[in-house]
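The values are calculated or read from the model by the stated rules, or taken from the named source; none is laboratory data. Everything numeric in this text was worked out from a predicted model, so none of it was measured. Don't worry about glycine lacking a Cβ; one is built from the backbone with ideal geometry, like all the others, and counts go over all protein chains shown. These area figures cover heavy atoms from the full protein model, side chains too; ligands, DNA and RNA do not enter into them. Shrake-Rupley method; radii C 1.70, N 1.55, O 1.52, S 1.80 Å.
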Amino acid sequence: MIQGLRTVIYPVTDLAKAKAWYSELVGAQPYFDQPFYVGYSVGGFELGLIPDGRPGSQGALAYWGVADAAAEMARLEKMGAKVHEPLKDVGEGIKVAMVYDPFGNLFGIIENPHFDMKKIR
């Protein structure tokens with residue numbers, strides 16, 4: 001079952017410029033800074049930047065937390081969702097996937113064992 005919002009990912013075309021802009025926006029440097037992903041902790045939630053997406057008004061991707069990503073993917077497919085990005089391990093035990101809901105919207109899930117509810121403000 002869905003536990004709550006965890007992560008919003010913004011695709012960017014220039015990761016260095018985006019990192020500078022978002023660092024100023026959130027008032028902090030990223031806690032994770034790699035060529036393939038830059039991550040900030042904002043109020044206990046994740047704001048991420050990826051260099052290989054398509055920016056635009058519909059470019060941001062929200063990921064909803066789940067306890068078991070494989071089980072949730074099976075449930076989503078049973079409910080009529082179509083796989084957009086299959087379940088993958090992105091490192092450190094974090095698993096993500098993206099589906100199209102029956103109405104054509106992208107819907108992301110994330111199993112993140114590092115998410116700490118105590119950090120939410």
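Below are the figures for this structure:
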item	result
Residues satisfying the stated conditions in the range 47-81, i.e. under 14 Å from the mean Cα position of the chain (by Cα) and in contact (Cβ under 8 Å) with a residue 60 or more places away in the chain	W64, G65, V66
Some residue of the range 87-100 being within 20 Å of G53 (Cβ to Cβ), small (G, A, S), at pLDDT 95 or above and touching a strand residue (DSSP E or B) at 6+ places or on another chain (Cβ under 9 Å)	yes
Among residues of the range 1-37, those that are surrounded by 15 or more Cβ atoms within 10 Å (Cβ to Cβ) and either touching a Ser or Thr at 6+ places or on another chain (Cβ under 6 Å) or over 21 Å from D52 (Cβ atoms) (or both), counted	1
Residue that is farthest from the chain's Cα centre (by Cα) [pool: residues in the range 83-103 that are over 19 Å from G4 (Cβ atoms), of a type in the set (A, V, I, L, M, F, W, C) and surrounded by 12 or more Cβ atoms within 10 Å (Cβ to Cβ)]	V83
Subset of the range 38-82 that is open to solvent by 30 Å² or more (accessible area, probe 1.4 Å) and among the β-branched types (V, I, T) - its residue that is nearest to P11 (Cα to Cα)	I50
Pairs where the first residue, in the range 82-100, is under 16 Å from A62 (Cβ atoms) and the second is of a type in the set (K, R), C-beta under 6 Å, 6+ apart	Y100/K82
Odd one out for E111 among (1) open to solvent by less than 30 Å² (accessible area, probe 1.4 Å); (2) farther than 24 Å from T13 by Cα; (3) at pLDDT 95 or above	(1)
